[in-house]
Amino acid sequence: MRLFLRDIRIEHTLFALPFAYVGAVMGARGLPTLAQLAWITVAVVGARTAAMAANRFFDRRIDATNPRTANRPTASGALHPRVMLVAIAGGLLVTAVAAWNLNPLCVVLLPLAALGILFYPLCKRFTWGAHFVLGAVDGFAPLGAFIAVTGSVTFPSILLFLAVTVWVAGFDILYAMMDYDVDRAQNLRSIPVRFGERASRSLPLGLHAAMSVMLLLAGLLAEATPFYFVGVALAVVLVGYERRLIGLAANVFALNERVFTTNMAFSVAFMLTTLVAYTLAR
């Protein structure tokens, strides 16, 4: 169990939850019920577990040849691949149970989410757009949470989905820079391999700027109270800070550590500003 939790980076589930809660709060225009929040949390944990297990299972041979990932338990052989198959099935089952306890539309849309979870690890084998597929899979979190609370899809919820899609794609492009040499050697597709380091350092800034605009429009269409836009301002600050980091950091490994930490802090801060906007500041 220790090796399994280490391999799927269970602590990074915290990275997926804040925007799911943003979708839930925006949909409820306040606090959802405790039952809704509990099942949304279960759904996110289940879906992320299945997604990471699929990634580790399908990429185990690729990871084994990469010095950065060769020590991962599944890649190194310390953990049998069938463990990840069980985790995929278990994670999807848990997500299905959560969807069943939320509303019928969640159940109807569940196969689409499951397809994304299973498909995205394979994308790097044939398209440099894999970063955006990963972003879309993560974007299901706020969209699914919004649907869980409202039973409907609206323009603000779609904008949240798109915002998270380009947000995750942005720092995943930077993440892929760490594996540039390995990806080229194995004929894997990524934006760094296809367009080079210069484009890979500038495109994430454009994507995160686009995220800021989408979050702004989502708030306007959802008639959020002014405190919500404090979070949007933080997104703009994030872009400025990332621009400075990318301009100064020559080491892509150090750059990714700082970008990841900064974006995790931003997601939590944006969740808090949204929560205050729809509860305390009404």
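Here, each number is a calculation from the coordinates, and none is a lab measurement. Just so we're clear, the structure is a prediction, and the values are computed from it rather than from any experiment. Counting neighbours? That spans all protein chains shown, and the Cβs are built from the backbone with ideal geometry, glycine included.
Counting every alpha-carbon pair across segment 1-115, the share separated by more than 20 Å comes to 46%. Screening the chain for whole DSSP H helices with an alpha carbon extent of at least 20 angstrom along the helix axis and a mean Kyte-Doolittle hydropathy of at least 1.6 yields 13-28, 81-100, 104-119, 155-176. Using just its DSSP H runs of length 4 or more, each adding -39500 (n - 2.57), the chain gives a mean residue ellipticity at 222 nm of -26000 deg cm²/dmol after division by all residues. Inverting the pair-averaged 1/r between distinct Cα atoms of the chain gives 19.2 Å as its Kirkwood hydrodynamic radius. Exposure proxy shown here: for F260, F253, F171, F19, the number of other Cβ atoms within 10 Å sets the order, fewest to most, as F253, F260, F171, F19.
State to the nearest 20 debye the size of the charge dipole of segment 2-278 about its Cα centre, where the only charges are +1 on K and R beta carbons and -1 on D and E beta carbons.
So the magnitude is around 540 debye.
Using C-alpha pairs under 8 Å with a sequence gap of at least 6, the mean separation divided by the residue count of the chain gives a relative contact order of 22 percent.
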